[in-house]
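Written below as structure tokens is the structure these notes are about.
Bear in mind that the values in this text are calculations on the coordinates, not laboratory data. Because the structure is a prediction, the values reported are computed rather than measured. Using ideal geometry, Cβ is built from the backbone for each residue, glycine included, and neighbour counts are taken over all protein chains shown.
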Ligand SMILES: [Fe+2]
Ligand SMILES: [Fe+2]
């Protein structure tokens, strides 16, 4: 089996096994949220790496054993760090870093963009407090200096909108076929250069 084939099988196993659990307090599940995020990323013409990051940005929720709604129990599952660690073992930083920073991006936007925090969904408000609340000015400066901060902001804006229980999307297999070949191909040519 190729590297891409093994990864595809692993991601299918995670999302088809764990993806049916509810996404936060919404009437959609983790798999729907992942597919909607990737669909929006693709529609915006983003790179295959960022489309893949959108697809996998909440994988951290599915690779821990803290239950399926830890925020409701007052627990921050640190899913961005867990997900980024998982992704960094498999993909280049263009995929894993936006995943790592997508919660920081939310904290940044809450601090800097008028109306952003007020428009957050109920579960995002709940988790915001556990995640540290809006960033301080010093935290904002440090965040913006990070290499993938802009990609993380783009991802976070997509994330907040990808919560429609009725959205129609391509399938997981369709995204995996397109994105894995493109991202791992890029990685292979970069290694040869
Ligand atoms: Fe998330
Ligand atoms: Fe999300």
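Observations
- Ranked by how many other Cβ atoms sit within 10 Å of their own Cβ, fewest first, the residues 110, 179 fall in the order 110, 179.
- A P(r) calculated from all alpha carbon pairs of the chain, with 10 Å bins opening at zero, reads 9, 38, 38, 13, 2 percent.
- Rounded to the nearest 10 degrees, the angle from helix 93-112 to the longest Cα principal axis of the chain is 20 degrees.
- Estimated D of region 110-193 in µm² per second, where Rh is the Kirkwood radius over Cα pairs and Stokes-Einstein applies at 25 °C, 0.890 mPa s: 153
- 222 nm mean residue ellipticity, helices alone, for the chain (DSSP H n ≥ 4; -39,500 (n - 2.57); rounded to 500): -20000 deg cm²/dmol
- Folded to 0 to 90 degrees: helix 30-43 orientation relative to the chain principal axis, Cα: 80
- Order of 89, 113, 42, 18 under a 10 Å beta carbon neighbour criterion, fewest first: 89, 113, 18, 42
- In degrees, nearest ten, helix 172-192 long axis to first principal axis of the chain (Cα): 80
- A crude spin-label estimate for the pair residue 129 and residue 174, with each label 7 Å from Cα along the Cβ direction, gives 4.0 nm.
- At 0.890 mPa s and 25 °C, Stokes D of region 1-60 from Kirkwood alpha-carbon radius, µm² per second: 203
- Kirkwood-type radius of region 98-149, with distances r between different C-alpha atoms, in Å: 11.1
- Protection proxy ranking, highest mean first, for peptides 3-16, 155-168, 92-105: 92-105, 155-168, 3-16, where packing is the per-residue count of other beta-carbon atoms within 10 Å, averaged.
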